[in-house]
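Q: Pasting a structure below so you can have a look.
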Amino acid sequence: MKDGMDPSAVSRKMRAFMEGGSWIRKMFEEGARLKARHGADAVCDFSLGNPDLSPPEAFTRSLWRACGEEAPLAHGYMPNAGYGEVRERVARHAAVEQGVPLGADDVLMTCGAAGGLNVVFKAILDPGDEVVVPAPYFVEYRYYVDNHGGVLVPVPSRPDFGLDLAAIEAAVGPRTRAVLLNSPNNPTGVIYDAESLAELAGLLRRVSARRGRPVYLVADEPYRRLAFSGHRVPPFLALYPDSLVATSFSKDLSVPGERIGYVAVNPAAAGRGELLGALTLANRILGYVNAPALMQRAVAACLDACVDVGVYERRRDRLAAVLEAAGYEFQLPMGTFYFFPKTPIPDDRAFVRLLQEERILAVPGSGFGAPGYMRVAFCVADEVIDRAAEGFRRARERALAGAAA
């Protein structure tokens, strides 16, 4: 039997996942193909949220110091939750951001925010439990929830991508175990406002009290520090007692490949001790064991460091001018490094193929649960944005001409 054709080689579920796949990775692979054919400088790749800025100098210095440590077991196992002194430093830092007192025991070091979310879902979900998420949402959430027997329940957002509280309330059912929020949001760049979040917290309090079992608020916020134009990300833990934050240093320190992050648990959460115990066990039995030892020590010494967010804000404004001149409709991102404009025709996948013909790579909104849009990542050099201007214009004109024919 030909390679790749044996139906017994993988599970039916994984085969279905592979066929559906991740649109982000598909476009990344398409970019590699186009670059090999035409040269890297001929392709404008807006497909992957891979930060291109160098890490802050403070991180580089901290990493070198950590590399030079010669203490016994400097690279050995530690408690599954992470080094105690690292968790203490992270807790003090997170307490300021989140507006609640946190100690080392409220923090679990993880293999990035993705690892943190998987640990959270392993700890709180029973088979068939539901996780409500506003759409559009990060592509991988569906897989993370499914990993642990859960069911992702997308709900529509408002036209400006803000929270639709009525839709969330309608989606909360007897099997709802958590509401998952990502702010600043990938792919829209929206920051959920404090008033909407307070209303959501009130809803979850009522539902939890009625059931006698908490519905968790889970915040995924690796872009917290990438906020523009004076926008501020409200603290999630201060809103609601049964809340957890999963985050990483991937975007603010520009180290996504190092896979380092943490989960912080609200100290007022019901059954806090048991929850933290479950998270710690999940970190081990999922195979992470612990977050990377070297990276724990490196980030702990530079928690206030951050890339120059002004660079991303300048690129946002530059790309906004390009998209506006080409006639696209979009919301100006408040944070992250993504635009999520409407595609000029309803078939976002067909339009993304037109962009590919112009050697521009974007990701269809269908992959984020929002057909008729596309994600454009602007963590690219200024010249890439400028070079794409004519291609964006031509693709839109061709799409509209084809629709009118």
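Q: Under the Karplus relation 6.51 cos²θ - 1.76 cosθ + 1.60, θ = phi - 60°, what is the ordered set of whole-Hz ³J(HN,Hα) values for the range 194-204, x standing for Gly and Pro?
A: For the range 194-204, the Karplus curve yields 4, 5, 5, 5, 5, 5, 4, 4, x, 4, 5 Hz.
Q: Also: About the Cα centre of the chain, what is the dipole size in debye to 20, counting +1 per Lys and Arg Cβ and -1 per Asp and Glu Cβ, all else neutral?
A: 680
Q: Moving to a separate point now. As I understand it, the value is the acute angle between the Cα axis of helix 57-67 and the longest principal axis of the Cα atoms of the chain; what does it come to in degrees, rounded to 10?
A: Helix 57-67 sits roughly 50 degrees off the main axis of the chain.
Q: For the range 215-343, list log₁₀ I(q)/I(0) at each q in 0.15, 0.16, 0.19, 0.20 Å⁻¹, using the Debye formula over Cα point scatterers of equal strength and ignoring solvent, two decimals each.
A: After summing over all Cα pairs, the log10 values are -0.88, -0.95, -1.15, -1.20.
Q: If exposed means no more than 16 neighbouring beta carbons inside 10 Å and the site is in a DSSP loop, what's the longest run of the chain without any exposed trypsin sites (Lys or Arg not before Pro)?
A: With trypsin sites (Lys or Arg not before Pro) excluded where exposed in loops, the chain gives 233-405 as its longest stretch.
Q: Name the residues whose placed amide hydrogens come within less than 5 Å of the amide hydrogen of N182, ignoring near sequence neighbours (fewer than 5 apart) on the same chain.
A: D220
Q: Another question, then. Would you count, across the range 1-148, every pair of lysines whose alpha carbons are under 27 angstrom apart, provided the pair is eight or more residues apart or spans two chains?
A: Lysine pairs, 8 or more places apart or on different chains, close enough: 5.
Q: Over the range 236-275, how many percent of alpha carbon pairs lie in each 5 Å bin up to the one with the longest distance?
A: Once binned at 5 Å, the Cα pair distances of the range 236-275 give 6, 23, 22, 15, 13, 13, 7, 0.
Q: Counting only other residues whose beta carbon sits under 10 Å from that of R394, what net charge do I get with K and R as +1, D and E as -1?
A: Result for the local shell: -1.
Q: What GluC sites (Glu not before Pro) in the range 265-361 are in a loop by DSSP, with at most 12 other Cβ atoms within 10 Å of the Cβ?
A: Passing sites in the range 265-361 are E329.
Q: At 1.4 Å probe size, with every protein chain present, just tell me what the per residue accessible area of the chain comes to in Å².
A: Using a 1.4 Å probe on heavy atoms only, each residue of the chain averages 43 Å².
Q: Using modelled backbone amide H atoms (1.01 Å from N, in-plane), which distant-in-sequence or interchain residues come within less than 5 Å of V153's amide H?
A: Answer set, sorted by chain and number: V131, V132, V133.
Q: Could you give the angle, 0 to 90 degrees to the nearest 10, between helix 23-38's Cα long axis and the longest principal axis of the Cα atoms of the chain?
A: Approximately 50 degrees, to the nearest 10.
Q: Which net charge results when you count Lys and Arg as +1 and Asp and Glu as -1 among the other residues whose beta-carbon is under 12 Å from that of S229?
A: +1
Q: Relative to the first principal axis of the alpha-carbon coordinates of the chain, what is the inclination of helix 84-98, with its axis defined by its Cα atoms, in degrees from 0 to 90 and to the nearest 10?
A: 60
Q: Enumerate the calculated ³J(HN,Hα) couplings along the range 288-293 in order (Karplus 6.51 cos²θ - 1.76 cosθ + 1.60, θ = phi - 60°), each rounded to whole Hz, writing x wherever the residue is Gly or Pro.
A: 5, 6, 7, 5, x, 4
Q: I want to check the label-to-label distance for D146 and D347. Put each point 7 Å from Cα in the C-beta direction and report it in nm to one decimal.
A: My value for the distance between the label points is 2.5 nm.
Q: Would you mind counting up the charge near G112? Only other residues with Cβ under 14 Å from its Cβ, with Lys and Arg at +1 and Asp and Glu at -1.
A: -3
The values are calculated or read from the model by the stated rules, or taken from the named source; none is laboratory data. Just so you know, these numbers come straight off a predicted model, no measurement behind them. Here the Cβ is made from the backbone with ideal geometry for all residues, glycine too, and neighbour counts use every protein chain on show. Surface areas here come from the heavy atoms of the whole protein model, side chains and all, with no ligands, DNA or RNA. Shrake-Rupley method; radii C 1.70, N 1.55, O 1.52, S 1.80 Å.
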